[in-house]
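One structure is given here, and the rest of the page talks about it.
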Amino acid sequence: MKVAVVGATGLVGSEILTVLAERNFPVTELIPVASERSKGKEIEFKGKKFKTVTPDEAIAMQPDVALFSAGGSVSTEYAPLFASAGITVVDNSSAWRMDPSKKLIVPEVNGDVLTSQDKIIANPNCSTIQMVVVLKPLHEKYKIKRVVVSTYQSVTGTGVKAVQQLKDERAGVEGEKAYPYQIDLNVIPHIDVFQENGYTKEEMKMIQETNKIMQDDAIKVTATTVRIPVMGGHSESVNIEFENDFDVQELRQALAAQEGVIVVDDPSNLAYPMPKDAHGKDEVFVGRIRRDESQANTVNLWIVADNLRKGAATNAVQVAELLNKKGLI
Ligand code: 2RA
């Protein structure tokens, strides 16, 4: 399979290359794509060196699938051009996520809705992906009424500049700033731009994307998204109210049986998920599972995943794997 990776030199793009190699995706030809500015830059894949090409050159090379991770404006401009050339696009930006004509896919949750008509497929926001993988079996079993989530998000979600800001601040070096404030030794309750309703765009993504992926607008969601000085992954404190009552042990078993989820929940041995352990892993980790004693039919839990992996690269590659398995590419 001819695979183009658009944005191959970025943080998510390089992770996509790692995941394609690790999962042995059947790549017969790799086409790394970068902007005109980085054209000709060398990247390595499975021990071989490849030179990046521009998006227009990539279209002319007719890949079977293109995994985009180059930001919203590149996706808005180029995804339709790739699609009209017959190339299926899996897009990691927010450009197409809420477009009613595009599918927003997490394979373990709603992979079954993909058809041969889908030429631009959206990859959800990282903080949404790790949450819906956990919500899915619980919604099936107990019917979710409302979700209250607070996030603790890694600087890798912002990109290379933010990782550098944290490293510079730790080293006491003056450098470029990705955030309006110091991030080291700090917590910033602000991710993406503020909206008129007082929420940030990241918070609205978690709300709207959850309803779209779960195919249920009746699920009420409210979110507070926060940046913390961590690199390994995003963490989320999630409070879920169900229509029906549950047994905590049964609920834990339902999560353990869910594809892509690993339960780490043994307080007596101080076992709970942490970003330093999730780093570099493809699964979503869940722990601190306990009944919310302040309200009926409600559970509290803690979800952690590597946001560059399941939150971005791994999910995109899994979508490509699913397309391949269904014979859609
Ligand atoms: C973040 N959700 O962590 C973003 C990345 N897509 O900032």
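For this structure, a couple of remarks:
- Residues of region 8-22 include at least one that is modelled with pLDDT under 95 and part of a loop (DSSP other than H, G, I, E, B).
- Among the residues of region 42-100, not one is closer than 17 Å to residue 28 by Cβ, within 16 Å of the ligand (Cβ to nearest atom) and out of contact with any helix residue (DSSP H, G or I) (no Cβ under 9 Å at 6 or more places or on another chain).
- Residue ID - nearest to the chain's Cα centre (by Cα), chosen from residues in region 108-135 that are within 16 Å of the ligand (Cβ to nearest atom) and aliphatic (A, V, I, L, M): 129
- Pairs, first within 15 Å of residue 188 (Cβ to Cβ) in region 144-169, second of a type in the set (Lys, Arg) and surrounded by 22 or more Cβ atoms within 10 Å (Cβ to Cβ), C-beta under 7 Å, six or more apart: 153/227; 155/227
- Number of positions in region 186-225 that are under 16 Å from the mean Cα position of the chain (by Cα) and either within 13 Å of the ligand (Cβ to nearest atom) or basic (Lys, Arg) (or both): 11
- Looking at region 226-329, the helices (runs of 4 or more DSSP H) lying wholly inside it that each contain 1 or more residues that are within 16 Å of the ligand (Cβ to nearest atom) and crowded, with 16+ Cβ neighbours inside 10 Å sit at 275-278, 314-325.
- Selection from region 244-292 of residues that are aromatic (Phe, Trp, Tyr) and either under 17 Å from residue 141 (Cβ atoms) or in contact with a Leu (Cβ under 7 Å, 6 or more places away or on another chain) (or both): 246
- The residues in region 32-50 that are under 18 Å from residue 65 (Cβ atoms) and in a strand (DSSP E or B) can be counted, and the count is 5.
- Test: residue 88 is in contact (Cβ under 8 Å) with a residue 60 or more places away in the chain, over 30 Å from residue 255 (Cα atoms) and touching a Leu at 6+ places or on another chain (Cβ under 8 Å): yes
- Among the residues making up region 147-183, those that are more than 13 Å from the ligand (Cβ to nearest atom), buried (at least 17 other Cβ atoms within 10 Å of the Cβ) and closer than 24 Å to residue 15 by Cα are 165, 166.
- Test: residue 88 is β-branched (Val, Ile, Thr), at pLDDT 95 or above and more than 20 Å from residue 322 (Cβ to Cβ): no
- Within region 194-225, the set of residues being surrounded by 17 or more Cβ atoms within 10 Å (Cβ to Cβ), hydrophobic (A, V, I, L, M, F, W, C) and part of a loop (DSSP other than H, G, I, E, B) comprises 219 only.
The values are calculated or read from the model by the stated rules, or taken from the named source; none is laboratory data. Quick caveat: nothing in here was measured; it's all calculated off a predicted structure. All Cβ positions, glycine included, derive from the backbone under ideal geometry; neighbour counts span all protein chains shown.
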